[in-house]
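Here's the structure, in structure tokens; my notes come after.
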Amino acid sequence: EIKEDPAVAGLLQSLDNPFLATLMGFAITTIVQSSSVTVSIVLLMAQQDLLTLPICIYIILGCNIGACSTAVLASLSGKKDAKRAALIHVLFNVIGTIFMYAFFAFDVELFVSIMSKIAGNDAGRVVAFSHLFIKIIQVIIMTPFIGPIVKLTEFFIPGEDKKIGYRESYQLIS
């Protein structure tokens, strides 16, 4: 069990910097290319008291950004629309994380206590519910900004892809 290794336990329990926790979540998720795997690991560590719940919250924020790595890698050899879609994914998660940081700067403990009440004080469930509620909050906050984010991606990735084998007769008539 990882909890029994004093070096690992000491390292994880000393993690108290939200930014480093977010960076750790980003790095692990980018390496394993799965936020679900990272959140599952964090969930197990929280259940074993290896990570505090507030730090778990910040790791989850990093996981959300790290989850974009797969889309970015896939888009590298793709067309401009694929690159724009990946950039939208990155911007959505980065801006959403900034909003959540602003919210948590006021009182991350309040969020943890609300999640604890919902989860019946089970640390693993707190992590799972936190992940769910963070994503729901981000979607609610970010929905009004979808148009500007799309325009921003068109600014960073201008132009259109050349249409190959495209004929006028295949256009939709409106």
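Observations on the structure shown:
- The percentage of C-alpha pairs in the chain whose separation is greater than 19 Å is 62%.
- Listed by chain and number, the lysines whose C-alpha is less than 20 Å from the C-alpha of LYS163, apart from same-chain residues fewer than 8 away, are LYS79, LYS80, LYS83.
- Dipole magnitude for the chain: computed about the Cα centre from +1 point charges on Lys and Arg Cβ and -1 point charges on Asp and Glu Cβ, it is near 840 debye.
- Dimensions of the stretch 55-142 based on its C-alpha atoms, expressed as ranges along the principal axes with the largest first, amount to 47, 24, 20 Å.
- Computed on protein heavy atoms with a 1.4 Å probe, the accessible areas place GLU109, GLU160 in the order GLU160, GLU109, largest first.
- Segment ALA27-ILE95, extension gain: residue separation times 0.36 nm, minus the distance between their alpha carbons: 22.7 nm
- Among the protein heavy atoms, those of MET24 account for about 50 Å² of accessible surface (1.4 Å probe, every chain in place).
- Hydrodynamic estimate: the Kirkwood radius of the stretch 64-112 over Cα pairs, inserted into Stokes-Einstein at 25 °C and 0.890 mPa s, corresponds to D of 206 µm²/s.
- Over the chain, relative contact order from alpha-carbon pairs under 8 Å, at least 6 apart, %: 23 percent
- A straight Cα-to-Cα reach below 23 Å connects LYS117 with the lysines LYS135, residues fewer than 8 places away in its own chain not being considered.
- Percent RCO, i.e. relative contact order, over the stretch 7-106, from Cα pairs under 8 Å lying at least 6 residues apart: 29 percent
The values are calculated or read from the model by the stated rules, or taken from the named source; none is laboratory data. What you are looking at is a predicted structure, and each value in this text was computed from that prediction instead of being measured. When we count neighbours, we look across all protein chains shown, and the Cβ atoms used for this are built from the backbone with ideal geometry, even at glycine. Keep in mind that these areas ignore ligands, DNA and RNA; they rest on the heavy atoms of the full protein, side chains included. Shrake-Rupley method; radii C 1.70, N 1.55, O 1.52, S 1.80 Å.
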